[in-house]
Structure formats: structure tokens, C-alpha cells
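The values are calculated or read from the model by the stated rules, or taken from the named source; none is laboratory data. Just so we're clear, the structure is a prediction, and the values are computed from it rather than from any experiment. Cβ sites come from the backbone with ideal geometry, for glycine too, and all protein chains shown count toward neighbours. These accessible areas exclude ligands, DNA and RNA; they are computed on the full protein's heavy atoms, side chains included. Shrake-Rupley method; radii C 1.70, N 1.55, O 1.52, S 1.80 Å.
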Amino acid sequence: MFGENKINDGSLYLLNDMVENRVIEAKRELAELSLEDTQKRDFLKSQIEFYESELKKFKADIDKQLSEKFQFSVEEIYAMYGQYDNKYITIDFQKFTESAAKFGRNIGGIITYHRREREELEKVIAEGNVPRTNGMVKIDCSNDDKLSAEQKKDLIENGFKSGDIYEILSLNLPNVKSYNQPGQKEIPNTINVNFDPTDFDPNRAYLWLYSRRIENGDILIEEEWAKFCGLSLYLQPNSEQLDIIQKHAFQDGQKKQLIRFYELEAKLYATDISGEEIFEFSELLKQRRAERTEAIKSEIRRSTNKRLKVFEQEYPQIYEELQKSIVQFEPESLEYYGMTVPIYWDYKSYLHIYLRHCDELAIEGHFENKTKFQYNQKDIKRILKIAIEKLKPQIDEKLKNGQEFRIFDNRTLYFNGNHYSLHILSNGRVAAFHPMENPK
């Protein structure tokens, strides 16, 4: 009935599907048919028996062919699709395979790899004489609405057999490969927006933002509470009587030093500060400079075994950047919406990430051979936020149980051609973040 069929025939299952549907319809018709209509009942029974026999033969033939050969290997899938960044594909499974039974006849997503899997496949393809392996392939199907959450998790963690694939379809778009590519990169899909800061008041903007977050029940880190309270005390003088300000801005009836810092900073920005307050703010700045200078010394000692004075002489440009960061850097939440604990970075996080892994601040010493970001200095924070956003569910699962989050070695995050390691402490502070390899 089905004739000779090959597992790569373009319309392999078309007739088979039609016959299956006819069997279903015939069984429904038989169930509704009167018992007295014996002639029609006998015809339907004979038809169903014949069709089911032919369907069984067809399935046996396809199963036999698949046991002897398969269309897509792990290596071929990587070479054609997996090596390219964000290459969305639609996969049709052979009808009678385990994959089709688990996930349906077709799925759509982006093929993913652990770091060592990608490295091994790159090596195999470069060497030539590529083997054909019927192995497991993982795919991110997060945008496939037909799949359940459990199926999506299974596909990205365990995957499916490459030999179960019948057909792969993809859009005819330019293939972009960022893995192992040298030189500085741009973050994909970046849109630059021109902004006119005239009449823009950042302090009022911060106050509005923090107010909305508090109203929404989001958690602020200590530094953000301090800034919220300091701005409130200056911009909204009557706010000192509010319970929320009393709770976070005062201790034993005295205004906390960090709150006062941000209150005076707001006054200075608005040029509404007295000479006495300028002196007070200067003293607070000196204290912040001293604390952050100690943090710089500590990180430099770990990286170079050099004293700060020697470091200043040998790396004057880097030293100048660090001096700017003492004044300009502010701790902030990097992700907080829907989080048990907000994920944030502080000055120690900044120093650890930038002094070891930012090419523009590269220094010699213990960490001169550390992997470097392939992005300019201003883009590293964006890459960190992208990494956190992609790993948000896994991070929150750890933090809500009071545990640290670590992703490193083979199980790293892949983005735009690089694998990244990330370490977040149980309190939400980013402790480390860096690429796992330099491009060859």
C-alpha cells in the first residue's frame, strides 16, 4: 500500500498520516453504527484491519531502516547549525521515534552546548575525517508554546537523539559565528539612543525609581536604601516623619552616616549647600576614598604583589581609571524583579572583575594570563546583567535556599561566542564574573 519508502523521502509520512486518520474515522463510524447494519459493520471492520496491518508493516520498515542508518549526526548538526550564534531551527522527528513520543513530531529552538562539548566538536571538525555519531543534542525551546515546562527542561538538560531527526528547517539568514573569533566585540542587537540631558534631574529620577520599587514590594540593597532616604530628606523635607525613613535613616535617634552622604550629595548637585555642609561632605568623601583605596590595595596585592605607589608608577593610566572609579562607582542592584534576594555588585565586585579581566585595565602579575573580556570597559556591566538575566531562575533557586550560586568549568553560560563563569554569594553580591577562554 505504501510502496517503497526511504527515511529521507520528502513526503514520507503524508500517506501514513492520512491512513491513520481514516482508521480513527472508521472506528468512530463503527462505534456509532447500528448493530443491525451488519453489512456496513463488516466492511468497516475489514477496512480497519487492512489499514492497521499496512500501518504496522510501514512502521516496521521505517524502524528497520533507522536501526541501520540515520540522517543527522551530532557533528553534522553542529557544523550546519549549532556553531552559529542564535541560529533558530525547526526540527521534525521521525514519526515512530522516542523523541517524537516525548516531545511531539516537531519542535523549534536554538541548539546549545556545554563548553567542553563545543570545544570537542570544534576540534573534530577542524581535523577533518569527521565521524557520524548518533548522540544527544540539547536545544533551548523556551519560545516553543507547544511544549510544557517539563519538556523544555528535559530538552535543554538532556536533549534528544540526533538520529531521531527526520528534517531540519531554518530561515535563509546570514550565519554568524562568534565563538573563537578574535578582537573586540559589539553586544548584538544594540540600539544607541541619543539622549538630551538638558533639564534632566537624576536625583529626582532616582527618588521616583526607588519609590516605585518600594511600592511594588521589591527589595532594595543597603546602598539603595541609603540613597532613597538621603534624597527624600533633601527633596521632600517632611519625609523625616515617615515611618519608612525613621526605620532606615536613623539609628538610636541619629542619622546614619551613609544617608547623610547622599543627602549632602543631592544638595551639592542642586548647588544648595552651605560652606559648613561642603566641609562635612568633604570629610565623608575622604572616608569613602580611604575605604575604597584599601580595597584597591588589597586587590592589587592579590594580583601583582605590588604596593600601590609602585603600581601608580608602573601603570599610570590604570591608576588614573581607578582613582575615577573611587568617586564615580556606586553599588547597585543588577536584577531584583521577582527575586528572593536582589543581585547586586559593590566596589569589591567591580575591582575583582575589572582588574583581572578587563583588557583596558590589564595588569601583569599572578593574573596577567587571566581570560579577558572581548568588550570595551563600558560594555562589561551590560554583559554581566545579560548573564544574570539568562540565569535568573537558577540563581533565585539557590538564593532562596540560602546558598551561593556558581556556574563554571563545563557548565557555563554561553553568549555571543564566549562561555562565562559566574559566582554570586548567598546575600546576592556578585563575587566573580569572567569569560572562560581567550579566543585562539
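Accessible surface for Cys229 stands near 0 Å², nearest 10, in the context of the full protein assembly shown (1.4 Å probe). By the rule of a C-alpha distance below 17 Å, with chain neighbours fewer than 8 residues away ignored, the aspartates and glutamates paired with Lys385 are Glu186, Glu330, Glu332, Glu335, Asp346, Asp396. The alpha carbons of segment 1-138 stretch over 71, 27, 20 Å along the principal axes, in descending order. The distance between label points at Asn175 and Val327 comes to 5.2 nm (points 7 Å beyond Cα on the Cα→Cβ vector). Partners of Lys40 within straight-line reach, counting lysines whose Cα lies under 27 Å from its Cα and excluding those fewer than 8 residues away in the same chain: Lys27, Lys56, Lys57.
Of the listed peptides 346-352, 42-48, what is their order by residue-averaged count of other C-beta atoms within 10 Å, with the highest listed first? Present the calculation step by step, with values, prior to reporting the outcome.
Numbers: 346-352: 20.1, 42-48: 13.7.
Highest to lowest by the protection proxy: 346-352, 42-48.
Solvent-accessible area assigned to carbon and sulfur over segment 224-364 amounts to 47 percent, based on a 1.4 Å probe.
Given a cut-off of under 8 Å on Cα pairs at least six residues apart, what relative contact order in percent is computed for the chain?
Numbers: 543 pairs, mean separation 55.1, N = 440.
Relative CO of the chain lands at 13 percent.
In the full protein context, segment 116-212 carries 69 Å² of accessible surface per residue, based on a 1.4 Å probe and ignoring ligands, DNA and RNA. Classify segment 127-210: rounded, prolate or oblate, from the alpha-carbon gyration tensor (a ≥ b ≥ c, eigenvalue square roots; a/c under 1.5 rounded; otherwise prolate if a/b is larger than b/c)? Here segment 127-210 falls in the prolate category.
Computed from the Cβ-Cβ distance with R0 of 56 Å, the FRET efficiency linking Ile219 to Ser67 stands at 0.50.
Principal axis extents of the C-alpha atoms in segment 89-152 (largest first, rounded to whole Å): 39, 24, 17.
Which of the residue pairs Lys152/Lys381; Lys87/Lys185; Lys152/Lys400; Lys87/Lys372; Lys372/Lys392 have a Cα-Cα distance greater than 21 Å in the structure shown?
Numbers: Lys152/Lys381 29 Å; Lys87/Lys185 18 Å; Lys152/Lys400 23 Å; Lys87/Lys372 26 Å; Lys372/Lys392 24 Å.
Flagged as over cut-off: Lys152/Lys381; Lys152/Lys400; Lys87/Lys372; Lys372/Lys392.
Of interest is the spacing of the C-alpha centroids, which for segment 188-236 and segment 377-405 amounts to 21 Å. Subtracting the Cα-Cα distance of Glu404 and Asn5 from 0.36 nm times their residue separation leaves 138.2 nm of extension gain. Label sites at Asn427 and Glu240, each approximated as a point 7 angstrom past Cα along Cα to Cβ, lie 3.0 nm apart. Modelled spin labels at Glu29 and Glu389, positioned 7 Å past Cα toward Cβ, are 5.6 nm from each other. Amide hydrogen proximity for Thr112: with H placed 1.01 Å from N in the peptide plane, the residues at 5 or more positions away or on another chain lying under 5 Å are Lys138, Ile139, Asp140.
Full-extension gain between Arg116 and Asn376, please, as 0.36 nm times their residue separation minus the C-alpha to C-alpha distance. Before the final figure, lay out the partial values.
On the way: separation 260, 0.36 × 260 = 93.60 nm, distance 2.66 nm.
Result: 90.9 nm gained on full extension.
Kirkwood hydrodynamic radius computed over segment 116-275 comes to 22.2 Å, based on all pairs of distinct alpha carbons. Length available on full extension from Phe200 to Ala79: 0.36 nm per residue minus the Cα-Cα distance, which gives 38.5 nm. Set the Förster radius R0 to 35 Å, insert the Cβ-Cβ distance between Ala270 and Thr190 as r into 1/(1 + (r/R0)^6), and round the FRET efficiency to 0.05. Between Ala270 and Thr190 the formula returns 0.55. Return the subset of Lys102/Lys146; Lys102/Lys390; Lys138/Lys378 for which the Cα-Cα distance in this structure is over 22 Å, preserving the input order. Exceeds cut-off: Lys102/Lys390; Lys138/Lys378.
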